[in-house]
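Worksheet for the structure shown next.
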Amino acid sequence: MNLSPDEAESALADIDRMVARTRRAVAAGHWAQQLVLWGVVWMLGFGASQFLRVNEGFIWGPLSLTGAVVSWWIGFRDPKPIRGAVVQRIGLFFLTLAGFAGVWAVILHPFNVQHFGAYVATVFMFAYVVGGIWFGRFFIWLGLGVTAAAVTGVLLLPQWLNLWMALAGGGSLVASGLYIRRAWR
Amino acid sequence: MAELNETIHQSTRLRIMSSLVTLETGEQMDFRSLTDLLALTDGNLGAHLLKLEEAGYVRVEKSFVDRKPRTHLSVTAKGRAAFEEHVAALQAVLRAAKPK
(Lines give C-alpha, C1' and ligand atoms only; values in the text may rest on other atoms or scores of the structure.)
Protein backbone atom coordinates (compact mmCIF):
# COMPACT_ATOMS: atom_id res chain seq x y z
CA MET A 1 0.00 0.00 0.00
CA ASN A 2 1.46 3.36 -1.01
CA LEU A 3 0.40 6.76 0.20
CA SER A 4 1.45 10.25 -0.76
CA PRO A 5 2.66 12.57 2.02
CA ASP A 6 -0.54 14.60 1.58
CA GLU A 7 -2.69 11.49 2.05
CA ALA A 8 -0.68 10.50 5.13
CA GLU A 9 -1.01 13.99 6.59
CA SER A 10 -4.75 13.99 5.92
CA ALA A 11 -5.15 10.61 7.60
CA LEU A 12 -3.21 11.75 10.68
CA ALA A 13 -5.36 14.89 10.88
CA ASP A 14 -8.51 12.72 10.68
CA ILE A 15 -7.18 10.61 13.53
CA ASP A 16 -6.48 13.66 15.69
CA ARG A 17 -9.94 15.06 15.00
CA MET A 18 -11.62 11.77 15.84
CA VAL A 19 -9.65 11.34 19.06
CA ALA A 20 -10.59 14.87 20.17
CA ARG A 21 -14.26 14.34 19.28
CA THR A 22 -14.36 11.04 21.15
CA ARG A 23 -12.78 12.56 24.25
CA ARG A 24 -15.32 15.36 24.20
CA ALA A 25 -18.21 12.94 23.67
CA VAL A 26 -16.98 10.81 26.58
CA ALA A 27 -16.74 13.93 28.74
CA ALA A 28 -20.21 15.05 27.68
CA GLY A 29 -21.63 11.64 28.50
CA HIS A 30 -20.04 11.49 31.94
CA TRP A 31 -19.77 15.04 33.07
CA ALA A 32 -22.72 17.01 31.72
CA GLN A 33 -25.27 15.59 34.13
CA GLN A 34 -22.81 15.57 37.04
CA LEU A 35 -22.04 19.26 36.51
CA VAL A 36 -25.72 20.21 36.41
CA LEU A 37 -26.45 18.07 39.49
CA TRP A 38 -23.71 19.55 41.65
CA GLY A 39 -24.39 23.03 40.32
CA VAL A 40 -27.97 22.72 41.56
CA VAL A 41 -26.72 21.33 44.89
CA TRP A 42 -24.40 24.32 45.27
CA MET A 43 -27.11 26.80 44.33
CA LEU A 44 -29.50 25.30 46.87
CA GLY A 45 -26.87 24.83 49.57
CA PHE A 46 -25.17 28.18 49.33
CA GLY A 47 -28.47 29.97 48.70
CA ALA A 48 -30.09 28.41 51.77
CA SER A 49 -26.97 29.17 53.82
CA GLN A 50 -27.24 32.84 52.87
CA PHE A 51 -30.89 33.32 53.75
CA LEU A 52 -31.91 30.66 56.29
CA ARG A 53 -30.98 31.07 59.93
CA VAL A 54 -30.06 27.45 60.58
CA ASN A 55 -26.83 25.60 61.22
CA GLU A 56 -25.23 25.12 57.81
CA GLY A 57 -24.50 21.50 58.66
CA PHE A 58 -28.24 20.84 58.57
CA ILE A 59 -28.31 22.24 55.04
CA TRP A 60 -25.20 20.72 53.57
CA GLY A 61 -25.39 17.29 55.22
CA PRO A 62 -28.66 16.16 53.59
CA LEU A 63 -27.92 18.03 50.35
CA SER A 64 -24.48 16.50 49.96
CA LEU A 65 -25.78 13.03 50.76
CA THR A 66 -28.62 13.41 48.27
CA GLY A 67 -26.18 14.71 45.68
CA ALA A 68 -23.83 11.79 46.27
CA VAL A 69 -26.62 9.22 45.89
CA VAL A 70 -27.93 10.81 42.70
CA SER A 71 -24.37 11.17 41.41
CA TRP A 72 -23.72 7.48 42.02
CA TRP A 73 -26.95 6.57 40.25
CA ILE A 74 -26.00 8.73 37.23
CA GLY A 75 -22.52 7.21 37.13
CA PHE A 76 -23.46 3.57 37.38
CA ARG A 77 -26.76 3.26 35.58
CA ASP A 78 -27.16 1.99 32.03
CA PRO A 79 -27.47 3.05 29.31
CA LYS A 80 -24.46 5.29 28.99
CA PRO A 81 -22.03 5.78 26.11
CA ILE A 82 -18.98 4.30 27.82
CA ARG A 83 -18.83 1.51 30.34
CA GLY A 84 -15.72 0.47 32.14
CA ALA A 85 -13.52 1.01 35.12
CA VAL A 86 -12.85 4.71 34.52
CA VAL A 87 -16.37 5.73 35.58
CA GLN A 88 -15.97 3.93 38.88
CA ARG A 89 -12.51 5.41 39.36
CA ILE A 90 -13.82 8.94 38.79
CA GLY A 91 -16.57 8.35 41.32
CA LEU A 92 -14.16 6.91 43.88
CA PHE A 93 -11.82 9.85 43.33
CA PHE A 94 -14.54 12.38 44.15
CA LEU A 95 -15.64 10.29 47.12
CA THR A 96 -12.06 10.30 48.39
CA LEU A 97 -11.89 14.04 47.86
CA ALA A 98 -15.09 14.51 49.86
CA GLY A 99 -13.54 12.45 52.64
CA PHE A 100 -10.42 14.62 52.53
CA ALA A 101 -12.52 17.78 52.86
CA GLY A 102 -14.50 16.14 55.67
CA VAL A 103 -11.35 15.27 57.62
CA TRP A 104 -10.31 18.92 57.54
CA ALA A 105 -13.77 19.92 58.77
CA VAL A 106 -12.99 17.95 61.91
CA ILE A 107 -9.41 19.18 62.23
CA LEU A 108 -10.19 22.85 61.63
CA HIS A 109 -13.31 22.97 63.83
CA PRO A 110 -14.27 25.56 64.99
CA PHE A 111 -13.84 27.48 61.75
CA ASN A 112 -15.37 30.27 59.78
CA VAL A 113 -18.22 28.38 58.18
CA GLN A 114 -18.34 30.58 55.12
CA HIS A 115 -14.63 30.26 54.48
CA PHE A 116 -14.93 26.50 54.87
CA GLY A 117 -17.69 26.43 52.26
CA ALA A 118 -15.45 28.27 49.83
CA TYR A 119 -12.57 25.95 50.73
CA VAL A 120 -14.60 22.81 49.97
CA ALA A 121 -15.71 24.33 46.68
CA THR A 122 -12.11 25.04 45.67
CA VAL A 123 -11.05 21.51 46.63
CA PHE A 124 -13.52 20.11 44.12
CA MET A 125 -12.54 22.70 41.55
CA PHE A 126 -8.94 21.53 41.97
CA ALA A 127 -10.24 18.10 40.94
CA TYR A 128 -11.71 19.61 37.79
CA VAL A 129 -8.41 21.29 36.96
CA VAL A 130 -6.61 17.97 37.35
CA GLY A 131 -9.34 16.20 35.38
CA GLY A 132 -8.90 18.72 32.61
CA ILE A 133 -5.47 17.17 31.95
CA TRP A 134 -7.33 14.13 30.60
CA PHE A 135 -10.68 15.53 29.52
CA GLY A 136 -9.69 18.85 28.02
CA ARG A 137 -8.85 22.46 28.76
CA PHE A 138 -12.51 23.33 29.29
CA PHE A 139 -12.40 21.68 32.74
CA ILE A 140 -9.15 23.41 33.62
CA TRP A 141 -10.69 26.80 32.88
CA LEU A 142 -13.89 25.86 34.72
CA GLY A 143 -11.92 24.84 37.80
CA LEU A 144 -9.73 27.91 37.74
CA GLY A 145 -12.66 30.22 37.07
CA VAL A 146 -14.80 29.00 39.95
CA THR A 147 -11.75 29.01 42.25
CA ALA A 148 -11.11 32.63 41.30
CA ALA A 149 -14.77 33.41 41.98
CA ALA A 150 -14.53 31.77 45.42
CA VAL A 151 -11.40 33.70 46.36
CA THR A 152 -12.97 36.93 45.08
CA GLY A 153 -16.03 36.29 47.20
CA VAL A 154 -14.01 35.61 50.33
CA LEU A 155 -11.96 38.77 49.90
CA LEU A 156 -14.51 41.23 48.52
CA LEU A 157 -18.00 39.96 49.43
CA PRO A 158 -17.76 38.40 52.89
CA GLN A 159 -21.34 39.21 53.85
CA TRP A 160 -22.71 37.90 50.56
CA LEU A 161 -20.24 35.06 50.07
CA ASN A 162 -22.85 32.30 50.13
CA LEU A 163 -25.09 34.03 47.63
CA TRP A 164 -22.06 34.78 45.46
CA MET A 165 -21.02 31.10 45.56
CA ALA A 166 -24.57 30.01 44.75
CA LEU A 167 -24.69 32.21 41.66
CA ALA A 168 -21.07 32.30 40.46
CA GLY A 169 -20.10 28.81 41.56
CA GLY A 170 -23.31 26.84 41.24
CA GLY A 171 -24.41 28.81 38.23
CA SER A 172 -21.09 28.14 36.49
CA LEU A 173 -21.41 24.41 37.04
CA VAL A 174 -24.98 24.29 35.75
CA ALA A 175 -24.14 26.43 32.71
CA SER A 176 -21.08 24.31 31.96
CA GLY A 177 -23.05 21.08 32.17
CA LEU A 178 -25.73 22.37 29.85
CA TYR A 179 -23.14 23.72 27.44
CA ILE A 180 -21.16 20.49 27.06
CA ARG A 181 -24.34 18.43 26.87
CA ARG A 182 -25.45 20.54 23.92
CA ALA A 183 -22.18 21.36 22.21
CA TRP A 184 -20.05 18.27 22.66
CA ARG A 185 -22.26 15.50 21.34
CA MET B 1 9.70 -1.04 9.91
CA ALA B 2 6.06 -0.04 10.44
CA GLU B 3 3.69 -0.97 7.63
CA LEU B 4 0.50 0.68 6.47
CA ASN B 5 -2.62 -1.34 7.21
CA GLU B 6 -5.20 -1.44 4.39
CA THR B 7 -7.96 -2.73 6.64
CA ILE B 8 -7.57 0.14 9.06
CA HIS B 9 -6.78 2.84 6.51
CA GLN B 10 -10.25 2.88 4.89
CA SER B 11 -11.62 6.27 5.97
CA THR B 12 -14.61 5.04 7.99
CA ARG B 13 -12.66 2.24 9.64
CA LEU B 14 -9.84 4.66 10.43
CA ARG B 15 -12.36 6.86 12.25
CA ILE B 16 -13.83 3.87 14.06
CA MET B 17 -10.42 2.72 15.24
CA SER B 18 -9.37 6.28 16.16
CA SER B 19 -12.44 6.57 18.35
CA LEU B 20 -12.14 3.17 20.03
CA VAL B 21 -8.40 3.44 20.80
CA THR B 22 -9.20 6.64 22.69
CA LEU B 23 -10.90 4.50 25.31
CA GLU B 24 -8.85 3.00 28.08
CA THR B 25 -8.18 -0.74 28.16
CA GLY B 26 -11.28 -2.40 29.54
CA GLU B 27 -13.63 0.38 28.44
CA GLN B 28 -16.35 -0.20 25.90
CA MET B 29 -18.38 2.17 23.77
CA ASP B 30 -22.06 1.74 23.12
CA PHE B 31 -22.92 0.99 19.45
CA ARG B 32 -25.55 3.75 19.35
CA SER B 33 -23.10 6.31 20.67
CA LEU B 34 -20.56 5.37 18.01
CA THR B 35 -23.12 5.75 15.21
CA ASP B 36 -23.96 9.22 16.57
CA LEU B 37 -20.31 10.14 16.93
CA LEU B 38 -19.45 9.06 13.39
CA ALA B 39 -22.76 10.12 11.82
CA LEU B 40 -23.24 6.69 10.24
CA THR B 41 -26.23 4.46 9.73
CA ASP B 42 -26.48 1.26 11.76
CA GLY B 43 -25.93 -0.84 8.66
CA ASN B 44 -22.89 1.12 7.51
CA LEU B 45 -21.23 0.96 10.91
CA GLY B 46 -22.13 -2.70 11.27
CA ALA B 47 -20.49 -3.59 7.96
CA HIS B 48 -17.24 -1.88 8.86
CA LEU B 49 -17.24 -3.33 12.36
CA LEU B 50 -17.60 -6.80 10.85
CA LYS B 51 -14.43 -6.30 8.81
CA LEU B 52 -12.55 -5.05 11.87
CA GLU B 53 -13.90 -7.90 13.97
CA GLU B 54 -12.86 -10.46 11.35
CA ALA B 55 -9.36 -8.97 11.41
CA GLY B 56 -9.32 -9.38 15.19
CA TYR B 57 -9.07 -5.64 15.82
CA VAL B 58 -12.43 -4.99 17.48
CA ARG B 59 -14.47 -6.93 20.02
CA VAL B 60 -18.26 -6.78 19.79
CA GLU B 61 -20.22 -7.71 22.91
CA LYS B 62 -23.96 -8.14 22.81
CA SER B 63 -25.98 -8.13 26.00
CA PHE B 64 -29.37 -7.30 27.42
CA VAL B 65 -29.99 -4.37 29.72
CA ASP B 66 -33.52 -4.12 31.11
CA ARG B 67 -34.50 -6.69 28.46
CA LYS B 68 -33.23 -4.42 25.70
CA PRO B 69 -30.41 -5.60 23.43
CA ARG B 70 -27.25 -3.58 23.79
CA THR B 71 -24.02 -3.80 21.82
CA HIS B 72 -20.73 -2.62 23.24
CA LEU B 73 -17.53 -2.22 21.30
CA SER B 74 -13.90 -2.19 22.28
CA VAL B 75 -10.55 -2.42 20.55
CA THR B 76 -8.53 -5.58 21.11
CA ALA B 77 -4.85 -5.60 22.03
CA LYS B 78 -4.14 -6.77 18.47
CA GLY B 79 -6.23 -3.91 17.11
CA ARG B 80 -4.52 -1.34 19.31
CA ALA B 81 -1.09 -2.60 18.20
CA ALA B 82 -2.14 -2.62 14.53
CA PHE B 83 -3.49 0.92 14.82
CA GLU B 84 -0.33 2.18 16.47
CA GLU B 85 1.76 0.55 13.76
CA HIS B 86 -0.41 2.17 11.10
CA VAL B 87 0.02 5.59 12.73
CA ALA B 88 3.78 5.04 12.90
CA ALA B 89 3.79 4.13 9.21
CA LEU B 90 1.83 7.29 8.34
CA GLN B 91 4.31 9.38 10.30
CA ALA B 92 7.18 7.63 8.51
CA VAL B 93 5.67 8.62 5.14
CA LEU B 94 5.67 12.24 6.27
CA ARG B 95 9.23 12.08 7.62
CA ALA B 96 10.48 10.52 4.38
CA ALA B 97 8.94 13.38 2.38
CA LYS B 98 10.65 16.12 4.41
CA PRO B 99 13.59 17.76 2.63
CA LYS B 100 16.97 16.84 4.11
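Can you list the residues, at least 5 places off or on another chain, whose amide H is less than 5 Å from the amide H of B:Val75, using H built in the peptide plane?
Counting only residues 5 or more places away or on other chains, the set is B:Arg59.
Heavy-atom accessible area of B:Lys68 with all protein chains present, probe 1.4 Å, nearest 10 Å²?
Rounded to the nearest 10, the figure is 130 Å².
Is the range A:87-185 best put as rounded, prolate or oblate by its Cα gyration tensor, with a ≥ b ≥ c the root eigenvalues, rounded for a/c under 1.5, and otherwise prolate when a/b is larger than b/c, oblate when not?
oblate
Across peptide B:8-18, how many C-beta atoms of other chains are within 10 Å of each residue C-beta, on average?
3
Just reorder A:Leu161, A:Leu155 by solvent-accessible area, largest first, 1.4 Å probe, all chains present.
Values: A:Leu161 5, A:Leu155 125 Å².
Descending accessible area places them as A:Leu155, A:Leu161.
For the pair B:Val65 and A:Val103, what calculated FRET efficiency results from E = 1/(1 + (r/R0)^6), where r is the Cβ-Cβ distance and R0 = 45 Å, to the nearest 0.05? Provide the component values of the computation, followed by the final result.
On the way: r = 38 Å, r/R0 = 0.84.
My answer for the efficiency is 0.75.
Would you mind checking the range A:1-35 for residues with the amide N under 15 Å from a putative spin-label position 7 Å along Cα→C-beta of B:Lys51?
Counting only backbone N, you get A:1.
Going from most exposed to least, what order do A:Trp160, A:Trp104 have by accessible area with a 1.4 Å probe?
The ranking, largest first, comes out as A:Trp160, A:Trp104.
Among B:Tyr57, A:Tyr179, what's the order by accessible area (1.4 angstrom probe), most exposed first?
A:Tyr179, B:Tyr57
Looking at the square roots a ≥ b ≥ c of the eigenvalues of the Cα gyration tensor of the range A:141-185, which shape do they give, rounded for a/c under 1.5, prolate if a/b is larger than b/c, or oblate?
Oblate, since a/c reaches 1.5 and b/c is not below a/b.
Among B:Val60, B:Thr7, B:Ala89, which residue has its Cα furthest toward the positive end of the charge dipole of chain B, with +1 on Lys/Arg Cβ and -1 on Asp/Glu Cβ?
Positive-most Cα among the choices belongs to B:Ala89.
Heads up, I need the accessible area for A:Phe94: 1.4 angstrom probe, whole protein in place, Å², nearest 10.
Here the residue's solvent-accessible area equals roughly 40 Å².
Counting only the backbone N, which residues of the range A:1-24 are under 19 Å from the spot 7 Å out from the Cα of B:Ala92 toward its beta-carbon?
Once the point is set 7 Å along Cα→Cβ of B:Ala92, A:1-13 turn out to lie under 19 Å by backbone N, inside the range A:1-24.
Return the residues of the range B:52-100 for which accessible area with all protein chains present is lower than in the chain on its own by 30 Å² or more; set the probe to 1.4 Å and exclude ligands, DNA and RNA.
Buried on complex formation: B:Val65, B:Arg70, B:His72, B:Leu90, B:Val93, B:Leu94.
Please say if the range B:1-47 is rounded, prolate or oblate, where rounded means a/c under 1.5 for a ≥ b ≥ c the square roots of the C-alpha gyration tensor eigenvalues, and otherwise the choice is prolate for a/b larger than b/c and oblate otherwise?
oblate
Under a plain spin-label model, where a point goes 7 Å from the Cα along Cα-to-Cβ, how far apart in nm are B:Thr35 and A:Leu156?
Once both label points are built, they end up 5.1 nm from each other.
Given the C-alpha atoms of the protein assembly as shown, compute the convex hull and give its volume per residue in Å³.
165
Taking a cut-off of 14 Å between Cα atoms, list the aspartates and glutamates near B:Lys68, but don't count ones fewer than 8 places away on the same chain.
Qualifying aspartates and glutamates at Cα under 14 Å: A:Asp78, B:Asp30.
At 1.4 Å probe size, what's the solvent-accessible area of B:Ser33? Round to the nearest 10 Å².
Surface accessible to solvent at B:Ser33 totals approximately 30 Å².
Could you give the accessible area per residue of the protein assembly as shown, probe 1.4 Å, as a whole number in Å²?
55
So, in nm, how far is label A:Leu92 from label A:Ile140 when the simple model puts each one 7 Å beyond its Cα toward the Cβ?
It is 2.7 nm.
How big is the charge dipole of the protein assembly as shown about its Cα centre, in debye rounded to the nearest 20, if each Lys and Arg gets +1 on its Cβ and each Asp and Glu gets -1 on its Cβ?
Details: 27 positive and 20 negative charges, 81 e Å.
Here the protein assembly as shown has a charge dipole of around 380 debye.
What aspartates and glutamates does B:Lys98 reach when the alpha-carbon gap must be under 14 Å and sequence neighbours fewer than 8 apart in one chain are set aside?
Straight-line reach from B:Lys98, under 14 Å: A:Asp6, A:Glu9.
The values are calculated or read from the model by the stated rules, or taken from the named source; none is laboratory data. Source: prediction; values computed, not measured. Backbone-built Cβ (ideal geometry, glycine too); neighbour counts: all protein chains shown. Quick note on the areas: whole protein, heavy atoms, side chains included, nothing else; ligands and nucleic acids left out. Shrake-Rupley method; radii C 1.70, N 1.55, O 1.52, S 1.80 Å.
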